[in-house]
Structure formats: C-alpha cells, structure tokens
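Trainee: Pasting a structure here, questions to come.
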Amino acid sequence: MQIKPKTIYAKGLILIAIPLCVELVFGITMFTLQRYYQSKLDRERNATEIIFHANELWVNCTQLMYVKGYFCFFGGPRPPLEEKMAHLMEGYRLLKKLVADDRTQTANLDRMWLLTNQSLAVGKELVPLASGHSASAKMAALASNIRAMSKVEHFVDAMTPALKSFRAPEFLRSSEAGPEIEKSTRLVDTVVLGSLAASTLVALLLFTYFIRSINRGVNVVIEHTERFKQGKELEAPSGRTDELAQVDTAFHEMAAEIKEAMRAKQAIVSMISHDLRSPLTSVLGYFSSLTSGILGDASPQTIAGAEKCEKEVERLILLINDLLDLDKIDAGKFEMRFKAVSVEKIIDQAINNVSPAAEEKGVTIHGADSSAQILADPDRIVRAVANVLSTAIRLSPPGNFIETGVAESNGKVEVKVTSAGGSISQEALTSLFDRYQQSGADLRLDLPISQEIVKLHGGEIGAAPNDGKGISFWMLLPSPAPAAAAPS
C-alpha cells in the first residue's frame, strides 16, 4: 500500500509556516520603521545639500565678480574666468536637480539665478584700466567700474534673502527629534523581543502538538506490535487518516494474513501428527518385529535391511516429534515444570541418552564433576544437553573424545561441551541454530530445539570454533534461588 503524505505532512508545513509568518510580520514591521526614518533622513540630507550648494553658488558668483573687478582695477595676469564660470554653471545645474520636486525651493533658486545673471551682465561692463590711455580716460573708466561694482554688490546682497529662504534641516534640529527617536528605539526593542518570544512560544507549542500527535500514532503501532507478539487479539484500527494510521492498518492486514498462515500451518502440523506419524509408528513396529524374530526366521540380508529401515523410520518419527515440539513452543503450549536440579546428573543422563550414537562412531564422552545446581525442567534440559552432545558427536571425527565442563558465575551456571577434533567455520556453526537448516542430506532440528528450551529457561546458548582445532558449545542457565536450592 502506497503511503501518501497527508496529516503529518500538513503538520510539518504548519510547524514551519507559522514561525515563518511571525518572522515575516517582524520583518515587515522593521522594514516599515526603516523606510519611515530613511525618508526623514533623506529629507534632512537633501536639505543640507541644498543649503550647501546654494551657499556655494552665492560664493562662486561673488568670487567671480570680485576676481574680475580686481583684474580690471589693478591689472595683472588675466584670471581663469571661463573655468570659474563653468564651475558656477555646474553648481547651478546640480542645485536645480536637488530642488526639482519643491516649487518654493525652485522659485528661490530661480530668483538667485536671475540675480546671478544680472550680476554677470553688469560684470561685463567692467573694463581694464589700460596704461596707454590718458588720465581723463582712465578716470572715466575707473568711475564706470566703480558704478558697475556697486551694482554687482547690490545684486549679490539681494541674493541673501533668497539664500536664507532655502529650507533648513527640520527633524534632527527639532525638539521632538530626541523623544521620537527614543520612542522608536523602544518600539524596535519591543518588536524584536516580542518576535523572539512569540517565535519561541509558537515553535514550542507546535513542536509539542506535533510530537504528541506523532507519539500517539507510534504508541498505537507499538502497542499493537506488542499485543501481536504476545499472541493477544489486536484492537480495531484507530480510524485516523495520517501515515501512521495507514501503517497501523497495514499492520492489521499483515497480522490477519499471518494468523491465517498460522492456522494453515497448524492444520499441516495436525495432518503430520495424525496422517504421518501414526502410519510411521505402525511401520516401525513391523520392522522391530521383523528384526526381533517375532515374525519368524529371516535371512541375514533381510534383517540387515530391516534394521536400516528401522533406524530411518525412528529418525523420521524423531524429526516429526521435533517439528511438533517447535510448533508447541511457538504456540506457548510447551509445558515446563521448574525445580532445582543437579547439573552433574543432567549431564550424566544426557550422556546416557546419546551413548549408543557415541559408541557407534567410536567417540568418548567425559562427564563433569560439579556440585552446581540450576533451576530447570529436568526432562527438557536433559533433552537440550543431549541434543548438543548429539551434534558434537555428529561433527567429531571417529575415535575423537568430547569433554563436558561446568562453571558458576554471577548467579549463572555455564555448561560447556567441547570436541577436540573436527573443524567448522563460525558461519556454519551459527547456521546450525537456524530452523530447517539442512545439514548434508538430512534436516536437523537438534540445536533449534535446544535453543528454544534454553530460552524458555531464561538462558543463552551458542557455539564457536576453538582456536586450534575442534568446537565448543556453551549454555548459560540460571542458578536456583537460595530457598529453592534443595537437591532434586
């Protein structure tokens, strides 16, 4: 089933979007304040520049007239009047741009420029006093220059009211500037702190809501997983529509399929128990009667064949019994009766159970001398140890010997089975504990049965190749409590 992003995806977007909206409001507020005071500062700067260039225009006009007058009155090298005139025109054009948006300022500039042009026009009447002229001519020229300079001075003085009428900077020099700036500073501080607090609070609230919502869905899935693992009936799906609810619904479907498969498996196991084991038991009885002579004398070849068939049928019945026991363990119907038992007696009984197989292969098994006790079901734990010994015999070369040992530590008893011969990899040893792992041409359930029995005792089991040559199996089993430590 494909999972489409729905509620969790939307909640994730909300978790991101709302703090971003708060930050957006903060950004807009700060941008508005910045633009407001930027416009005020721009007006202040523009007014300052206008006053500066207006004064510069007045200074340049005055300087131009007096430089020309000095030359005409006193002579000397000709001054760079064209350069000063170009500088005057450049200042006027710049000032014209600065006051373009203000009619009053433009009118003031036009009046100043009119007076400047009048001054320049009168300045053209100034003539140098030539040395070759007569005294009367010089006196006439001097009088004309004095009259012209008087007119220039009049026009220059007339510029002063227009110059003073240019608007001076208002905001920073006003009495309201200080309180307004202080108020704006407090407003900015409040907006910053409020934005941080609001963002933090909103993020925490959304995070809490989001995590709780996710946890509810996760807890439902975990609860249903635990109930399924314990074999309990699952509760109905939550009815939610988010992704975790879809996972829970898929889990319910999977659990239903597994239950159906388990029912089919149980039917197969029941069929094996009734339709296969019973005929095999009858066949085993026939071969036993044949080899024991109950059915009459038979040739040695017939008896040998019957003995071989008898062993194969016994192996099949044992395999069927192991399958049925594994099914009982999975179903929780494998009965256990715990009590304090002697480890030495358990090992001796297990050795007795496998002694025919050991003698047939020529393998010697040495028992353990120990007073340790464990809390176990005697019959089940003997079977587990016997299965381990049987596997060690099968993996040992003929004529080999197997050692058993017991060690106690931290409330645990370790039973160890070591084969001095044979060689097998760790990977192959680990696979022996897997169910239905085929060993050669045979299906072996010895170690899987032992593993399940040891787990039911609350213990552990494992195997590892020795450093030199051989194999070691170990089982870690719990010691009995002091009150239950009486001999079995």
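Trainee: Kindly provide the set of residues from segment 70-89 that are of a type in the set (Lys, Arg) and part of a loop (DSSP other than H, G, I, E, B), ordered by number.
Mentor: Across segment 70-89, the qualifying residue is only Arg78.
Trainee: Would it be correct to say that Asp348 is assigned to a helix (DSSP H, G or I) and not assigned by TED's automatic domain parsing to the domain that holds Arg435?
Mentor: Criteria not met by Asp348.
Residue-wise test of (1) surrounded by fewer than 16 Cβ atoms within 10 Å (Cβ to Cβ); (2) of a type outside the set (Ser, Thr, Tyr); (3) at pLDDT 80 or above; (4) over 30 Å from Ala86 (Cα atoms).
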site	(1), (2), (3), (4)
Met1	yes, yes, no, yes
Glu23	yes, yes, no, yes
Thr29	no, no, no, yes
Asn60	no, yes, yes, no
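Trainee: Within the set of pairs 6 or more residues apart or between chains, which connect a residue that is at pLDDT below 75 inside segment 226-245 to a residue that is surrounded by fewer than 10 Cβ atoms within 10 Å (Cβ to Cβ) with Cβ atoms less than 7 Å apart?
Mentor: So the pair list comes out as Gly231/Gly332.
Trainee: So which residues in segment 259-292 are at pLDDT below 70 and either in contact with a strand residue (DSSP E or B) (Cβ under 7 Å, 6 or more places away or on another chain) or of a type in the set (Phe, Trp, Tyr) (or both)?
Mentor: Scanning segment 259-292 gives a single hit, Tyr286.
Trainee: Taking Lys416, is it farther than 26 Å from Asp369 by Cβ, modelled with pLDDT of 85 or more and surrounded by fewer than 19 Cβ atoms within 10 Å (Cβ to Cβ)?
Mentor: no
Trainee: Here is a follow-up. So is Met159 assigned by TED's automatic domain parsing to the domain that holds Leu64, exposed (fewer than 15 other Cβ atoms within 10 Å of the Cβ) and modelled with pLDDT of 80 or more or not?
Mentor: no
Trainee: Do we find that Met112 is closer than 16 Å to Ala162 by Cβ and either in contact with a helix residue (DSSP H, G or I) (Cβ under 9 Å, 6 or more places away or on another chain) or not aromatic (Phe, Trp, Tyr) (or both) in this structure?
Mentor: Yes, satisfied.
Trainee: Another question, if that's okay. Taking interchain pairs and intrachain pairs at least six residues apart, which have beta carbon atoms under 6 angstrom, with the first residue in segment 393-405 and assigned by TED's automatic domain parsing to the domain that holds Leu429 and more than 15 Å from Asp446 (Cβ to Cβ) and the second among the polar types (S, T, N, Q) and at pLDDT 85 or above?
Mentor: Going by the 6 Å Cβ cut-off, the qualifying pairs are Phe401/Thr364; Glu403/Thr418.
Trainee: Let me ask another. Just to be sure before I move on: is Lys124 more than 17 Å from Val67 (Cα to Cα) and not hydrophobic (A, V, I, L, M, F, W, C) in the structure I sent?
Mentor: Against the criterion (more than 17 Å from Val67 (Cα to Cα) and not hydrophobic (A, V, I, L, M, F, W, C)), Lys124 does not qualify.
Trainee: Scan segment 366-374 and tell me whether some residue there is closer than 16 Å to Thr418 by Cα, β-branched (Val, Ile, Thr) and either modelled with pLDDT of 90 or more or surrounded by fewer than 17 Cβ atoms within 10 Å (Cβ to Cβ) (or both).
Mentor: Checked against the condition, which is being closer than 16 Å to Thr418 by Cα, β-branched (Val, Ile, Thr) and either modelled with pLDDT of 90 or more or surrounded by fewer than 17 Cβ atoms within 10 Å (Cβ to Cβ) (or both), segment 366-374 yields no hits at all.
Trainee: Restricting attention to segment 394-405, which residues are surrounded by fewer than 21 Cβ atoms within 10 Å (Cβ to Cβ) and either farther than 14 Å from Val363 by Cβ or among the hydrophobic types (A, V, I, L, M, F, W, C) (or both)?
Mentor: Phe401, Gly405 - these are the residues of segment 394-405 that are surrounded by fewer than 21 Cβ atoms within 10 Å (Cβ to Cβ) and either farther than 14 Å from Val363 by Cβ or among the hydrophobic types (A, V, I, L, M, F, W, C) (or both).
Trainee: Please count how many residues of segment 317-344 are surrounded by fewer than 16 Cβ atoms within 10 Å (Cβ to Cβ), within 23 Å of Thr404 (Cβ to Cβ) and not aliphatic (A, V, I, L, M).
Mentor: 1
Trainee: Give the residue, chosen from Ser184, Ser199, that is assigned to a helix (DSSP H, G or I) and either modelled with pLDDT of 75 or more or under 27 Å from Ala17 (Cβ atoms) (or both).
Mentor: That would be Ser199, the only listed residue that is assigned to a helix (DSSP H, G or I) and either modelled with pLDDT of 75 or more or under 27 Å from Ala17 (Cβ atoms) (or both).
Trainee: Among helices (runs of 4 or more DSSP H) lying entirely in segment 366-456, which contain 1 or more residues that are more than 22 Å from Asp325 (Cβ to Cβ)?
Mentor: 378-395, 426-431
Trainee: Is one or more of the residues making up segment 315-334 in contact (Cβ under 8 Å) with a residue 40 or more places away in the chain and not in a helix (DSSP H, G or I)?
Mentor: yes
Trainee: Quick one: how many residues across segment 429-454 are aliphatic (A, V, I, L, M) and at pLDDT 80 or above?
Mentor: Selection size over segment 429-454: 5.
The values are calculated or read from the model by the stated rules, or taken from the named source; none is laboratory data. Everything numeric in this text was worked out from a predicted model, so none of it was measured. Positions of Cβ are generated from backbone atoms using ideal geometry, with glycine treated the same way; all protein chains shown enter the neighbour counts.
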